[in-house]
1. Scan segment A:99-134 residue by residue and report those that are touching a helix residue (DSSP H, G or I) at 6+ places or on another chain (Cβ under 8 Å) and either farther than 22 Å from A:Tyr164 by Cβ or crowded, with 24+ Cβ neighbours inside 10 Å (or both).
2. Considering only residues that are open to solvent by less than 80 Å² (accessible area, probe 1.4 Å) and either among the acidic types (Asp, Glu) or under 28 Å from B:Lys150 (Cα atoms) (or both), which ones fall in segment B:29-55?
3. Can you pull out every residue in segment A:93-107 that is within 10 Å of chain B (Cβ to nearest Cβ) and in contact (Cβ under 8 Å) with a residue 24 or more places away in the chain?
4. Which residue, of B:Pro91, B:Pro96, B:Pro133, is in contact with a strand residue (DSSP E or B) (Cβ under 7 Å, 6 or more places away or on another chain) and of a type outside the set (Ser, Thr, Tyr)?
5. If you go through segment B:62-77 one residue at a time, do you hit one that is out of contact with any Cys (no Cβ under 6 Å at 6 or more places or on another chain) and within 27 Å of A:Thr180 (Cα to Cα)?
6. Among the residues of segment B:112-123, count how many are open to solvent by 50 Å² or more (accessible area, probe 1.4 Å) and either in contact with a Ser or Thr (Cβ under 6 Å, 6 or more places away or on another chain) or modelled with pLDDT of 95 or more (or both).
7. Do you know which residues across segment B:38-76 are under 28 Å from A:Cys123 (Cα atoms), assigned to a loop (DSSP other than H, G, I, E, B) and under 24 Å from the mean Cα position of the chain (by Cα)?
8. Got a number for residues in segment B:38-60 being more than 7 Å from chain A (Cβ to nearest Cβ) and over 19 Å from A:Arg149 (Cβ atoms)?
Amino acid sequence: MTTLRGAAASALPLAAFRFLTRSEARAAVEGAKVRWGFLVDTYKCVGCGFCVKACKLENEVPYDAPVTRTWVERYVILKDGRMLADTPLGARDGFTGMEVQGVQVRKREIAKAFFVPKLCNQCENPPCVQVCPVGATYQAPDGVVLIDRSWCIGCGYCIMACPYGVRFFHPVYRVAEKCTFCYHRISKGMKTACVDACPFGARQLANLKDPNDPVTRVILTQRVAVLKDEYGTKPQAYYIGLDENVR
Amino acid sequence: MRSHVLRPLWVVMGVVALILVARQFVVPEDFGIHERGFMYGYHRKSNEEEWKAFKVKYRTKDYCRDCHPDKYGENITSKHRIIQCENCHGPAVDHPDSPPKLSIDRSRSLCIRCHAYLPYPTSQRSEIKGIDPGEHNPDMECSMCHNPHKPDMG
């Protein structure tokens, strides 16, 4: 049934014939008071994984399935030049040992080592949205990319299109699934579950349209970087202390 | 000229008309391009409200204060004050209505998320007081000796 409805919707999008006037379009984009973004401080992250645990329970992502909306990666760069990286179960249970990718690392071998939390970048130019054949995924006026579960036909194009690998197939609903910045929380003035769960302030939510937002000020005034800038997706999750080895 | 060209054309036009009529019934009224334009904003508007209506489960520390003042008071003055109660006890949802009790996790794996010592130079992890879980009183629960809410030692 969903498939049928989706096909019907895509067959002739009459709404596409209604063009916004230039001022209408500008008002729609610039008039918005809210544009959600994110700031990750990789120095502060200790790899406890409480953010992943909280995200899964808050958003009803099957706890033991190997899928997650957010995860934490560990990077260990050895003095001999080797790079090891892992994220066991997305770091749901944290990092508790020195073994990485089957290698028992010793302290004196380590050149650099750190944790990098990942989540949806809520790109300004989301490639995952462009490829949707039925209009089931879209960018809300405040920048958050959402999936309409009742319209998604589960084709998986968006999962392939995301350069950051944040989308996956929901094992229960059988549709594409992704981080929503806890849309139900941020729209009530709360923080996302992962931000609240982080004891160290490694994760922060920002309203990029508000120059007085303390997190936005950090993004605007300090040295931050984004992931895979060269793809032109304009990701809106900013990172402090990003390393060239992080992908 | 007549039939063999026109007849299939009628069929095609009939099919197109049928799809257009069916579309009127199947596609919801609020389906359209909305604020972000055709490329990124083509969607069913009411889905935004559906996502906003999703159930909030994590209620943060303030929610516990009035009912568990002893644990709250102990915790808020300790070195563990930065940790949310729900990180260790699970989401409150509508506790104490449902669930009536939150879980109590006495496992060592809960504590070694932060306290298993990892010597990572540029990560704050190496600055947390750490232990080697294999050496530090193995096979005993941490809370036998440490107060999880106020672990301060001197």
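The values are calculated or read from the model by the stated rules, or taken from the named source; none is laboratory data. Nothing here was measured: the structure is a model prediction, and the numbers come from that model. No Cβ is skipped: glycine too gets one built from the backbone with ideal geometry, and neighbour counts run over all protein chains shown. For accessibility, only protein heavy atoms count, side chains too; no ligands or nucleic acids. Shrake-Rupley method; radii C 1.70, N 1.55, O 1.52, S 1.80 Å.
1. Residues satisfying the conditions are A:Phe115, A:Pro117, A:Leu119, A:Pro126, A:Cys128, A:Val129, A:Cys132, A:Val134.
2. B:Asp30, B:Glu35, B:Glu48 - these are the residues of segment B:29-55 that are open to solvent by less than 80 Å² (accessible area, probe 1.4 Å) and either among the acidic types (Asp, Glu) or under 28 Å from B:Lys150 (Cα atoms) (or both).
3. Across segment A:93-107, the qualifying residues are A:Asp93, A:Gly94, A:Phe95, A:Val105.
4. So the residue among B:Pro91, B:Pro96, B:Pro133 that is in contact with a strand residue (DSSP E or B) (Cβ under 7 Å, 6 or more places away or on another chain) and of a type outside the set (Ser, Thr, Tyr) is B:Pro133.
5. For segment B:62-77, residues out of contact with any Cys (no Cβ under 6 Å at 6 or more places or on another chain) and within 27 Å of A:Thr180 (Cα to Cα): present.
6. The number of residues fulfilling the criteria is 2.
7. B:Lys45, B:Ala53, B:Phe54, B:Lys55, B:Val56, B:Lys57, B:Tyr58
8. Result for segment B:38-60: 1.
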